[in-house]
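**Student:** First the structure, then my questions, so here it is.
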Amino acid sequence: MTDHTPGDELSEDARRAAFREELRLTPESGGGRIVGRIPKRILWGAVAAMAVLGIGGQFVEHYFGNIGLPSSTGPTTTFTSPTTIPSFTTTTVASPAAADAAFIGLKGIASAQAPVINLTDQTGHPYGTGPATGKVTLVTFFNKNCNDICPVLGRELKDFLDRLGPQASRVNVIIVNTDPFSYGLSASPQALVATGLAAYPQVHFVTGPVATLNPIWNAYGVEVKVGATAAQVAHNSVIYFVTTTSQLAAIAVPFAQVNAQGRFSLRPDYITRFAEGLRYETISLIQ
């Protein structure tokens, strides 16, 4: 189901033209905006870090195996390492949390202020890093219409919140829209409805004009790529852990399988394990 809301009621060509105009793009053939191109030295450095954490080749392929513009068969999501975050330190956690930390690609961030997010959530109110201060916050990114990794990551976030129990009231989740062709405000975005996250008051799906979203994508190292049609939007997938004082604490790297139709899925036991990894790290930050 596609969410038609003000700001989205444009033809495909009109949306692409508006996207280019807003970001002052040149009409290169078959391409779109590429945000935060990732140097190879950073990319392979992240692979090496995963090897230290004990992540095997299958998951390295999940994280880094499909970099590039989306194919003509449908939307894809590339899983790559952000470029704008501070230096990493290996997160030290007690067993059995260590295995789950490795599974979610968890890496600690030495010390840095979380880049400011100031957008509008599904209730029509301003929301971002400012209002979230005082609680542990997870910041992540997926499409408003839930046509990317959203079905997998949304389920992981729901499972994570359920596993927190009463402590879920001490946590915020901010999901930043990554679709430059569907950025209008909606009270019931599929990103929340299709995943069941609409039932959780601490989950905020935030969006805004592309010119406002773009610097946030850049600040958090999210690379958004646009293909030949509005259906072809690709981005890398990350989750940041932010402390109660708005400091970046760690980053995790979600992953999924995608079929020829562009639908994302992941084994239920992997989803459960990923949610548990999120829970371990969040509990360590709750004061």
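The values are calculated or read from the model by the stated rules, or taken from the named source; none is laboratory data. For clarity, every value in this text was computed on a predicted model and none was experimentally measured. All Cβ positions, even for glycine, are placed from backbone atoms using ideal geometry, and neighbour counts span all protein chains on display.
**Student:** Tell me the residue from 86, 126 that is modelled with pLDDT of 95 or more and either within 20 Å of the chain's Cα centre (by Cα) or among the basic types (Lys, Arg) (or both), please.
**Tutor:** When all the criteria are applied, what remains is 126.
**Student:** Output the number of the condition that residue 154 fails; it satisfies all remaining conditions of (1) of a type outside the set (Ser, Thr, Tyr); (2) more than 12 Å from residue 178 (Cβ to Cβ); (3) buried (at least 23 other Cβ atoms within 10 Å of the Cβ); (4) modelled with pLDDT under 95.
**Tutor:** (4)
**Student:** In the range 176-193, how many are aliphatic (A, V, I, L, M) and closer than 16 Å to residue 222 by Cα?
**Tutor:** Residues meeting the conditions: 1.
**Student:** Could you give me the residue pairs with C-beta distances under 7 Å whose first residue belongs to the range 132-156 and is closer than 20 Å to residue 220 by Cα, whose second residue is surrounded by fewer than 24 Cβ atoms within 10 Å (Cβ to Cβ) and basic (Lys, Arg) wherever it lies, and which are 6+ apart or on separate chains?
**Tutor:** Hits for this filter: 135/170; 136/170.
**Student:** Still on this structure: Quick one: in the range 199-210, of everything that is in contact (Cβ under 8 Å) with a residue 60 or more places away in the chain and among the aliphatic types (A, V, I, L, M), which residue is farthest from residue 169 (Cα to Cα)?
**Tutor:** My answer is 210.
Every residue, every condition in (1) surrounded by fewer than 21 Cβ atoms within 10 Å (Cβ to Cβ); (2) polar (S, T, N, Q), yes or no:
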residue	(1), (2)
160	no, no
166	yes, no
196	yes, no
235	no, no
247	yes, yes
254	no, no
